[in-house]
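Below is one structure, written out as structure tokens, with a few remarks after it.
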Amino acid sequence: MAVNRILAALIALGLASGCAAGGGGFGPGGYSLVRPGPESVAGGRMTVTPTVAWNHARRTYHDIRREENWTLNGPLLDNISFIGGLESGKAIVRQRRRAERQVPRFRAEMSPPELASMIETFFRVRAGSVEFNMTGLQPRQFLGRPGFQFDYTHLDSDEVERQGRAVGAVIDNRFYLILFDAVRMHYYPAGIGEFERIAESARLG
Amino acid sequence: MARLPLILVSAAALALGGCVQTRQYADVEFAPPQGDYDLVVMRPYVSVGVVTTGGLVEPRADWTEQARTNLLQALREQQAGRGGRTLVLENREGIQGVSPQDIANLERLFTAVGSSIVLHRYMGQYLPTKRRQGIDWTMGEDAVAFGRATGMEYALFLYAQDSFASTGRTAVQALGIVGCFIGFCAPQGGGGQGAYAALVDLRTGEVVWFNLLQTSSLLPGVRFGDIRTPEGAAQMVERLVGRMRAGRHVRERQGQ
Amino acid sequence: MTHWITRRAALTGLGCACCAGLAASPAEARIRPADMRPLVGPGYRPTEQDEQGLWHEYERFEEEIAGSNLLIQDQRLASYLGGVVERVGGPAAGELRVYLAHVPEFNAFMTPTGFMVVFSGLLTRMRDEAQLSGVLAHEAGHFLRRHHIRRWRDLKRRTDFFTILAMGAGLGGAATGAYLGDWVRLAGIGTELTLAAYSRELEAEADAMGVRLIAESGYDPTAMPAVWRQLIGELDASAAMRRRHRRNQSLLATHPAPESRMHDLTISAEEVKDAGRTYDRGRDRYLAAIQPHRQRLLDDQVKLNDPGASLYIIHSLAEDGWNGLLRFYEGEAWRLRGRNGDRENANQSYALAVAFPDAPPEAWRAHGYALIGTGRPAEGRSALTRYLAMAPDAPDAAMVRYSLQQ
């Protein structure tokens with residue numbers, strides 16, 4: 001997951017001086033356009049159908065292979081992450097094996113509260129959250145299978161309160177997730193409708 | 001804390017290069033405020049320091065206070081010239097009808113919004129969905145509620161810093177330039193200004209206009225208007241908010 | 001701006017490396033507490049231009065801190081901390097202010113104008129009031145010895161000759177600022193003061209001043225070396241759990257190595273003790289003051305998933321006796337690490353936790369899922385039912401009810 005805002009800002013700083021070069025389908029700033037309509041995400045493991053245009057962030061050093069990140073107004077304000085088919089034993093973020101603080105690796109046998117806790121640790125360890133509160137955890141169909149919906153709020157070290165919703169499921173021992181995280185004021189309520197449409201449209205493959 | 005991080009401003013300055021630089025962006029439908037309007041300046045931050053020989057910036061309390069008074073006076077006059085009344089919010093308790101908590105939350109929201117504007121407009125992290133959209137960010141319903149509660153039409157977020165080279169620093173600069181003629185070129189930055197201003201239309205909540213100003217000089221002795229003096233402050237206000245341009249659509253319609 | 005420890009600075013690396021050339025002072029001898037006289041008296045105000053400028057910036061910074069939503073808002077705890085500072089603040093006692101930031105780090109810093117920021121992670125680790133008073137007195141020592149302005153002047157003098165180093169340190173400052181966001185950045189007046197991290201000599205001064213202050217106010221001075229012993233233990237445990245060596249920071253750091261601070265403080269503590277005087281540790285007062293926050297403090301720490309550090313802290317707190325809360329978080333630390341065998345350790349801790357009357361509802365939830373996962377579904381379901389009975393409005397109640405039906 002690439003919701004690491006503080007770091008994202010810093011990486012952007014690093015790129016700022018010489019960021020004119022872009023590769024692949026990405027524009028000069030590292031974002032490419034996602035048009036409304038069916039779109040294959042997270043290495044082709046899922047297909048979703050957004051109804052508005054999004055900005056697809058170029059993969060950074062911190063991202064894992066099975067993820068993809070989009071934003072409407074910039075990652076400091078809103079972000080949607082897709083994780084498609086993460087294998088048991090792998091983490092949802094790239095990290096040093098000997099780092100003191102780590103996001104737990106996904107295990108196929110994790111219970112829904114454990115999956116929620118894994119996401120919480122990501123925010124605390126990698127995204128600068130100093131407070132994190134679960135506001136809801138409930139069963140929800142995802143990709144046509146029984147999964148979960150995790151709602152939460154967090155306060156980050158930039159003093160901004162953010163809110164998020166994650167919808168996920170473990171299918172054939174692999175983890176599938178779509179997560180929306182945004183500034184609580186305006187940006188979360190403004191984006192959650194589109195997130196719901198995307199989550200409902202998600203199909204395997 | 002809820003201020004646009006300095007680090008972004010100074011890094012943007014790198015991207016902009018040296019000398020006097022301003023680059024403004026406006027909402028495509030933006031028309032500069034004109035006529036009878038009320039504008040609130042949200043806890044403006046001003047800091048003035050001296051650059052030591054070694055290149056550190058040492059804050060100067062007296063210069064800062066002087067500059068702050070001058071800048072705000074210049075801003076009041078400049079806005080009055082357009083017909084606007086200016087209220088300067090000195091602290092979070094300073095306005096009727098809105099709690100300090102709500103002011104703080106607006107400031108925090110602006111930290112995120114303003115940083116995003118700098119990142120995605122000034123620092124090359126362009127978002128394809130916002131191409132040719134000018135400034136397309138909002139402060140949302142909370143800004144509208146703030147406007148309704150206070151009767152204000154516009155909010156201005158303002159940040160300005162200035163520094164002056166000490167005598168020793170000027171000498172280092174001079175050496176750096178002289179060195180260029182003998183093959184060892186190490187130009188050193190002297191004093192410089194960095195400032196931004198962001199205008200929020202409280203009737204819609206939209207950030208309608210944003211300007212980033214950077215002046216710096218690698219040449220010794222060059223200065224850009226001393227904001228410790230009323231004239232210099234007026235000059236910075238003129239550069240920062242005085243040359244407000246209308247948005248693209250508005251200009252296109254006017255051009256027809 | 002001084003940080004009680006440099007672990008975070010070590011992690012950000014760059015900042016330290018750049019300071020090294022400026023801060024390194026050869027072979028530090030121990031500073032005697034007897035030589036540490038306060039340099040400021042009550043009502044001190046700066047008279048010189050550079051110090052006035054520094055004060056002006058920090059007065060604005062304090063306004064930002066005071067209005068920050070990162071502070072823990074608890075009037076009782078705030079006045080408790082204020083009371084301890086007043087007791088150990090020496091001549092500045094009446095002027096020092098304390099802000100408690102909700103940041104799970106073992107850290108605290110002092111500013112030139114007399115306000116200090118204590119991070120909540122400090123309260124997680126202190127065992128008694130004497131230990132807490134040692135940290136606060138150390139910070140007060142920076143103020144009493146006018147370290148900020150002394151360091152700033154020293155820095156100006158040095159950077160006048162080493163301008164390139166200053167530029168490098170600017171980058172380092174940016175790296176340090178990344179972690180705490182605007183706090184460190186504003187605290188540092190841009191990046192410059194981040195560079196002006198205290199030299200090891202000034203840290204040693206603050207230690208010597210601090211140990212003297214707490215002894216004079218009746219706290220057991222051996223609490224100060226004890227804090228360092230605990231910190232060394234924690235860093236070692238953290239490194240061992242991740243199969244690495246603790247970073248050796250002695251050459252690059254702006255602070256002395258923990259070992260040398262512990263060593264010097266052990267000698268100094270004996271030196272400042274008056275024979276025949278009895279010293280206070282204030283353990284009950286301390287535990288009572290932080291009791292309402294204990295669960296949150298543990299929660300913040302354990303969820304960082306630094307299992308070595310977390311287990312070390314839990315086990316040292318358990319020296320005063322195990323309870324349901326500590327056993328539950330012991331289980332959480334194992335579960336989050338998630339290596340082979342950790343799940344079994346975690347399940348065992350949960351089982352022990354629910355045997356205590358003070359076990360939090362979450363312990364029953366964890367115990368329930370553990371039982372279901374190990375082939376004891378009936379017992380698991382009854383534990384989950386217990387969880388729902390204890391926390392009927394829990395945000396995850398719907399999920400747990402669903403699990404009960406499976």
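The values are calculated or read from the model by the stated rules, or taken from the named source; none is laboratory data. The structure presented is a predicted model; accordingly, all values stated were derived computationally and were not measured. Cβ: placed from backbone, ideal geometry, glycine included. Neighbour counts: every protein chain shown.
Considering A:Glu109, A:Glu120, A:Glu100, which residue is within 16 Å of the chain's Cα centre (by Cα) and free of Cβ contacts under 8 Å to residues at least 40 places away in the same chain?
Among A:Glu109, A:Glu120, A:Glu100, only A:Glu120 is within 16 Å of the chain's Cα centre (by Cα) and free of Cβ contacts under 8 Å to residues at least 40 places away in the same chain.
Any residue in segment A:86-109 that is farther than 30 Å from C:Arg244 by Cα, at pLDDT 90 or above and away from chain B (no Cβ under 14 Å)?
No, every residue in segment A:86-109 fails to be farther than 30 Å from C:Arg244 by Cα, at pLDDT 90 or above and away from chain B (no Cβ under 14 Å).
Taking the condition within 14 Å of chain A (Cβ to nearest Cβ) and assigned to a loop (DSSP other than H, G, I, E, B), does B:Gln125 pass?
In short, yes.
Hey, can you tell me all the residues within segment C:272-312 that are touching a residue at least 24 places away in the same chain (Cβ under 8 Å), acidic (Asp, Glu) and closer than 18 Å to C:Ser133 by Cβ?
Within segment C:272-312, C:Asp274, C:Asp280 meet the criteria.
Among the listed residues B:Thr52, B:Thr86, B:Thr64, B:Thr69, which satisfies the condition of being modelled with pLDDT of 90 or more and buried (at least 16 other Cβ atoms within 10 Å of the Cβ)?
On inspection, the qualifying residue turns out to be B:Thr86.
Filter segment A:49-81 down to the residues that are away from chain B (no Cβ under 14 Å), out of contact with any Phe, Trp or Tyr (no Cβ under 7 Å at 6 or more places or on another chain) and in a strand (DSSP E or B) and list them by number.
Listed by number, the list holds a single entry, A:Ser81.
Return a yes/no flag: does segment C:53-65 have any residue that is at pLDDT 90 or above and of a type outside the set (A, V, I, L, M, F, W, C).
Within segment C:53-65, none of the residues are at pLDDT 90 or above and of a type outside the set (A, V, I, L, M, F, W, C).
I'd like to know if segment B:88-107 contains one or more residues that are in a helix (DSSP H, G or I), within 10 Å of chain A (Cβ to nearest Cβ) and within 30 Å of A:Ser32 (Cα to Cα).
No, the conditions are met nowhere in segment B:88-107.
When residues of segment A:9-48 are filtered for being outside any loop (DSSP other than H, G, I, E, B) and modelled with pLDDT of 65 or more, how many remain?
Total satisfying the criteria: 10.
Quickly run through segment C:379-406 and pick out the residues that are within 23 Å of A:Asp151 (Cβ to Cβ), in a helix (DSSP H, G or I) and touching a Phe, Trp or Tyr at 6+ places or on another chain (Cβ under 8 Å).
C:Leu384, C:Tyr387, C:Met390, C:Met399, C:Val400, C:Ser403
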